[in-house]
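Q: If you scroll down you'll find the structure; I have some questions about it.
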Amino acid sequence: MNSLFKLGPFTIYKLGFFVALGILAGMYLVLKEAKRKSLNEDDVLNFSMLIIISGFIGARLLFVLLDLPFYLKNPAMILHVNEGGLSFHGAILGGLIAAVIYTRMKKINFFKLADIVAPSLALAYGIGRIGCDIYGKVTNVPWAVVVNGVSRHPAQLYSALAGFIIFMILWNRREKIRYDGELFVSFVVLYSIYRFIIEFFRDSVMAGPLSVAQWTSLALVVLGVIYNQARISKVLYKNLPPNHL
């Protein structure tokens, strides 16, 4: 993992720096949106911090599970996060489980908070990916980057660009949602579409003709689209005039 600079005995790594920068930018927007929607800022802040912590744990856990034979032989490497190894699908799953438990305990509307967090999550992802050292497959495209003498796709920059595009889509849609949770569902679907595509440019763990991440992304897209259509249909049905019911 590339280092940026040192602060005394501490080494500041590129990935850690950009991930921290992404989190700070995301938290700023989350609190701004909470204030705009007149929601309790402490609840939103606690919700966001819980997602970050549980998401990080989930991201590392899924990455380890995907390469379990290696980590069973080298258990000490499980804690070596400074050498890379996080799965964003794991982050979503870990954050989602913890967030659902938290909102049920606090009796807070999960989907309202998830809509506030969704655009910021995309922004944080885009910024964090700038510092990632994961390059793509060998290629001869003009914008390729040379890594150890080999030209490769700058996959992390593709990912960063995708994160910023998803953020802009969600940010522009945040005042036009038709039901609580629509922004969050849109984030899951858009991220999964991007992830399915980007896998063609990366070396990933395969499961037949597609990678594990691609199969997961396909499942999330299908579930997200079905859920979205069901909720929209329900909203439209409720808004029908009495003589149409």
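Q: State the number of lysine pairs found in segment 1-149 whose Cα atoms come within less than 26 Å, restricting to pairs 8 or more positions apart or on distinct chains.
A: 11
Q: Hey, another quick one. About the Cα centre of the chain, what is the dipole size in debye to 20, counting +1 per Lys and Arg Cβ and -1 per Asp and Glu Cβ, all else neutral? Don't jump to the answer; show the numbers that get you there.
A: Numbers: 24 positive and 13 negative charges, 103 e Å.
Charge dipole, the chain, about its Cα centre: 500 debye, nearest 20.
Q: May I pose another question? Determine the per residue accessible area of segment 117-166 with all protein chains present and a 1.4 angstrom probe, expressed in square angstrom. Mind dumping the intermediate values first?
A: Numbers: 2200 Å² over 50 residues.
Accessible area per residue: 44 Å².
Q: Starting from the exponent 0.38 and prefactor 2.2 Å, build the expected Rg for segment 14-143 from its residue count and divide its actual Cα Rg by it.
A: 1.19
Q: Also, I was wondering about something else. What is the set of long-range amide H partners of VAL147 at a cut-off below 5 Å, with H atoms built 1.01 Å from backbone N?
A: Under 5 Å from the amide H of VAL147: ARG152.
Q: To continue, here is another question. Just flag the trypsin sites (Lys or Arg not before Pro) in segment 178-207 sitting in loop per DSSP whose Cβ has no more than 15 other Cβ atoms within 10 Å.
A: ARG178
Q: At 7 Å along the Cα-to-beta-carbon direction for both ASN148 and ARG36, put a label point, then send me their distance in nm to one decimal.
A: Computed distance between label sites ASN148 and ARG36 equals 4.5 nm.
Q: With unit charges on the beta carbons (Lys and Arg positive, Asp and Glu negative) and the dipole taken about the Cα centre of segment 1-153, which residue among ALA122, VAL145, PHE88 sits farthest to the positive side?
A: ALA122
Q: In whole Å, what is the distance between the alpha-carbon centres of segment 1-65 and segment 183-240?
A: 24
Q: Is the shape of segment 51-209 rounded, prolate or oblate, going by the alpha carbon gyration tensor and its root eigenvalues a ≥ b ≥ c, with a/c under 1.5 for rounded and a/b larger than b/c for prolate?
A: It comes out oblate by the Cα gyration axes.
Q: How do the peptides 48-55, 138-145 rank, highest first, by the average count of neighbouring beta carbon atoms within 10 Å per residue? Don't skip to the end; give the middle numbers.
A: Details: 48-55: 19.0, 138-145: 11.5.
Result, highest mean first: 48-55, 138-145.
Q: On to the next question. What nm value, rounded to one decimal, do you get for the distance between ALA20 and TRP215 when each label is placed 7 Å out toward the C-beta?
A: Reported label-point gap for ALA20 and TRP215 is 3.8 nm.
Q: Something else: Excluding TYR158 itself, what net charge comes from residues whose Cβ is under 13 Å from its Cβ, given Lys and Arg +1 and Asp and Glu -1?
A: Summing Lys and Arg as +1 and Asp and Glu as -1 gives +4.
The values are calculated or read from the model by the stated rules, or taken from the named source; none is laboratory data. Since this is a predicted model, take the numbers as computed values, not measurements. Here Cβ is always computed from backbone atoms with ideal geometry, including for glycine, and neighbour counts include all displayed protein chains. Only protein heavy atoms, including side chains, enter the accessible area calculation; ligands, DNA and RNA are left aside. Shrake-Rupley method; radii C 1.70, N 1.55, O 1.52, S 1.80 Å.
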